[in-house]
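What follows is calculated from the coordinates using simple rules that are stated; it is not laboratory data. Keep in mind that this is a model prediction, so the values were computed, not measured. Here the Cβ is made from the backbone with ideal geometry for all residues, glycine too, and neighbour counts use every protein chain on show.
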Amino acid sequence: MDNIETWTLRFEKYLGGCEFDDSSHDIGHFRRVWKTANAIADNDVDRLVLLASSYFHDIVSYPKNHPKRSRSSVDSAIKAAEILAQMNFPQEKIDKVKHCIEAHSFSANIRPETIEAKILQDADRMEALGAIGLARTFYVAGRLNSKLFDEEDLFAQKRALDDSKYALDHFQVKLLKLPETMQTDKGQLEAGRRVEILKSFMHHLSLEL
């Protein structure tokens, strides 16, 4: 019988020895994705596949302005399969893990075909919403030397949205649209709750300015 706790400890030990340059895609991110995925999963889900996918879905993560950005999930799937094979992970589950990882990415545009892949995609996109999403958005903007927002036209009413220049524009370009992309019912409900946090932030930011 596959032991979730045992494999979690093994994954934690392996990843604990890795260095992550990007704090928005580190072991904390992997843990949160697993927690969310496990919470929205029903009983008919292969939780071991979901666990491995959650912990290794961003083992390769190119920066948002990197020319290979759209290959992050595909390269992560390849590396994850190699790591799992070395750890004697059940061989018959590795291809399922690979598909979950390949399909989770927004930029890869790969359709999730299994329930585990749909759950992983939802759980990962949840990280872009709510309080965590706020923190990660502005952290990434700082790494890319983007401006926080356009004080003269906060919500781009008289200009084109440009999230490569203004971090706040990313809310309207992508984040506020994420709830409608969720693949599971529980994911849609949670995403709807979290997106309200972003809208509240936008409202209060407008008041302060």
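Hey, what number do you get for the chain at 222 nm if only DSSP H runs of n ≥ 4 count, each worth -39500 (n - 2.57), divided across all residues, to the nearest 500?
Result for the chain: -18500 deg cm²/dmol, rounded to the nearest 500.
Given the options Tyr166, Phe155, His203, identify the residue whose Cα lies farthest towards the positive end of the charge dipole of the stretch 128-209 (+1 on Cβ of Lys, Arg; -1 on Cβ of Asp, Glu).
Tyr166
Relative to the Cα centre, what is the charge dipole magnitude of the chain, using +1 at the beta carbon of each Lys and Arg, -1 at the beta carbon of each Asp and Glu, and rounding to the nearest 20 debye?
The calculation lands at about 240 debye.
All other residues with a Cβ under 14 Å from the Cβ of Gly133 taken together, and with Lys, Arg as +1 and Asp, Glu as -1, what is their net charge?
+2
Rg to Rh for the stretch 87-168: what is it, with Cα atoms only and Rh by Kirkwood?
Here the Rg-to-Rh quotient is 1.15.
Give me the lysines in straight-line cross-link reach of Lys93: C-alpha distance below 22 Å, same-chain residues under 8 apart excluded.
Partners found: Lys13, Lys35, Lys79, Lys118.
What's the extension gain from Arg71 to Asp44 if we count 0.36 nm per residue and subtract their Cα-Cα distance?
6.7 nm
To make sure I understand the rule: partners must be lysines, Cα under 24 Å from the Cα of Lys158, and not fewer than 8 residues away in the same chain. Which ones qualify?
Lys147, Lys174, Lys177, Lys199
How far apart, in nanometres, would the label points at Leu189 and Gln91 be if each is projected 7 angstrom from Cα along the Cα-to-Cβ direction?
In this crude spin-label approximation the distance works out to 4.1 nm.
Name the residue, out of Pro90, Pro179, Pro112, whose mean-square fluctuation peaks in a Gaussian network model built on the chain with Cα pairs under 10 Å.
Pro90
Between Ala131 and Arg10, what length comes free when the chain is fully extended (0.36 nm per residue of separation minus the Cα-Cα distance, one decimal in nm)?
40.6 nm
Which value, to two decimals, describes the C-alpha radius of gyration of the chain once divided by 2.2 N^0.38 Å?
Against the empirical 2.2 N^0.38 Å value, I get 1.05 for the chain.
In nm, what is the difference between 0.36 nm times the number of residues separating Lys174 and Cys18 and their Cα-Cα distance?
Additional length available on full extension: 53.1 nm.
Just need the Rg to Rh number for the stretch 1-113, please, alpha carbons only, Kirkwood Rh.
For the stretch 1-113, the value is 0.94.
How long are the three semi-axes of the equivalent ellipsoid for the stretch 141-209, computed from the Cα gyration tensor as the root of 5 times each eigenvalue, in whole Å, largest first?
Taking √(5λ) for each eigenvalue gives 24, 14, 11 Å, largest first.
Where nothing but the Cβ of Lys and Arg (+1) and of Asp and Glu (-1) is charged, how large is the charge dipole of the stretch 1-113 around its Cα centre, in debye to the nearest 20?
The calculated dipole for the stretch 1-113 is roughly 280 debye.
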